[in-house]
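Everything below concerns the one structure shown next.
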Amino acid sequence: MIGIARLALAGLMAIMAMGTARAEDALKARIGVLRLSSSAPVFIAQDKGYFREAGLDVELKFFDAAQPIAVATTSGDIDFGVTAFTAGLYNLAGKGVLKVIGGMSREKAGYPLIGYFASNNAYAAGLKTPKDLAGKRVAVTQVGSSFHYSLGLLADKYGFKLADVKIVPLQSLSNAAAALKGETVDAALLPISTARKLMDEGGAKFLGWVGDETPWQLGAVFASPKTLTNKALVTKFLGVLAKADREYHDVVLASMKDGVAPINAQTKPLLEIIAKYTNLPVEQVVGNCAYIDPEGRLDIKNVDNQIKWLQEQGFADKGFDANAIIAKDFVKAD
């Protein structure tokens, strides 16, 4: 009996040692994200253990605006960024210190993500639709941000001059929401996850969705050239994201109707994960599911259009295009 016990103990110790070795062998990765549904596949992969199963030890780092994620990626504070395109991100990529390695969220009709919202006073004074934003004070996170670009597309669509809009850059989503509630701006572009609380409290009015007005490739996955030298890490990371992209698309997005996902046995587990990481109740998450391509593809033509527009506006440096900033070994083109 003692011999059997010793053998059992030895076996247990061997299993523990193997587990420790596997943990030590795991490739470490720090991922910068916002607490938005546009990062849903990252949250799913982390919560369901897909990263761990692939031999990755992932730490999520949360930010309150997109541009700081790009800066943190180039500085080495994080290994991968998953967020919206910005002029600052493009400028860093144009200098060669950042590379786009995959697609993520898109503004697409029928999938609520970023919206136009009016202050109560501005709404009462006649600001009723997105095209009425001409001449108004509009809060965004930063000059050259995805919100700023969305407003530029809107101006092009309805034929008013972006220069006639008073852009108010407030550096974070929370600051933009506070300005809208405090009536110091007429309107703001905000993700619905940020704006919903305002609307529930009667602090803002909804005007429309960016995806319905001007669809575009909003977000991407990117890394520094240094990170890209570790091909095993990048390949595993993108492989896991592809798995989570597909699951999110096929389970949640495919079930949506009129911009809302149903809560049922299939969708609830994923919706609860998104709710956990975005700090929202599931009942709000259902109307806040960003569109993400099931293959993680990138609309390169649209990215090139974004760069050209930002360059024309003076927000992005001249001398580079989409092909110059894309890591072709990893990107799946749409």
Could you list all residues from region 145-176 that are surrounded by fewer than 17 Cβ atoms within 10 Å (Cβ to Cβ), of a type in the set (S, T, N, Q) and part of a helix (DSSP H, G or I)? Ser174
Meets criteria (within 30 Å of Met256 (Cα to Cα), in the same structural domain as Gly208 (by TED's automatic domain parsing) and either crowded, with 24+ Cβ neighbours inside 10 Å or modelled with pLDDT under 95 (or both)) for Thr129: no
For region 61-102, name all the residues that are in a strand (DSSP E or B), under 17 Å from Leu173 (Cβ atoms) and of a type in the set (Phe, Trp, Tyr). Phe62, Phe63
Pick out the one residue from Arg246, Arg196 that is buried (at least 18 other Cβ atoms within 10 Å of the Cβ) and closer than 23 Å to Pro262 by Cα. Arg196
For region 142-171 the number of residues that are in contact with a Pro (Cβ under 9 Å, 6 or more places away or on another chain), of a type in the set (Gly, Ala, Ser) and under 17 Å from Asp212 (Cα atoms) is 0
Going residue by residue through region 258-277, is there one that turns out to be modelled with pLDDT under 95 and in the same structural domain as Ala45 (by TED's automatic domain parsing)? yes
Could you tell me whether Gln142 is assigned to a loop (DSSP other than H, G, I, E, B), within 26 Å of Asn91 (Cβ to Cβ), in contact with a helix residue (DSSP H, G or I) (Cβ under 6 Å, 6 or more places away or on another chain) and not charged (D, E, K, R)? yes
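A quick yes/no check of all residues on (1) in contact with a Cys (Cβ under 9 Å, 6 or more places away or on another chain); (2) without any contact (Cβ under 8 Å) to a residue 60 or more places away in the chain:
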site	(1), (2)
Ser37	yes, no
Pro68	no, yes
Ser75	no, yes
Val97	no, no
Glu107	no, no
Ile114	no, no
Pro130	no, no
Ser146	no, no
Yes or no: region 139-155 includes at least one residue that is in the same structural domain as Ile307 (by TED's automatic domain parsing) and at pLDDT below 95. no
Does Thr235 meet the test of being buried (at least 16 other Cβ atoms within 10 Å of the Cβ), over 16 Å from the mean Cα position of the chain (by Cα), of a type in the set (Ser, Thr, Tyr) and closer than 23 Å to Arg52 by Cβ? no
For region 314-334 the number of residues that are of a type in the set (Phe, Trp, Tyr) and outside the structural domain of Gly94 (by TED's automatic domain parsing) is 1
Quick one: in region 38-60, which of the residues that are in a helix (DSSP H, G or I), in contact with a helix residue (DSSP H, G or I) (Cβ under 6 Å, 6 or more places away or on another chain) and not aromatic (Phe, Trp, Tyr) is farthest from Lys95 (Cα to Cα)? Asp47
Is region 306-329 home to any residue that is buried (at least 16 other Cβ atoms within 10 Å of the Cβ), within 17 Å of the chain's Cα centre (by Cα) and assigned to a loop (DSSP other than H, G, I, E, B)? no
Assess whether Val286 counts as being touching a strand residue (DSSP E or B) at 6+ places or on another chain (Cβ under 6 Å) and not assigned by TED's automatic domain parsing to the domain that holds Ser75. no
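The values are calculated or read from the model by the stated rules, or taken from the named source; none is laboratory data. Note that the structure is predicted; figures quoted are calculated from it, not measured. Quick reminder, even Gly has a Cβ in these numbers, built from the backbone with ideal geometry, and neighbours come from all protein chains shown.
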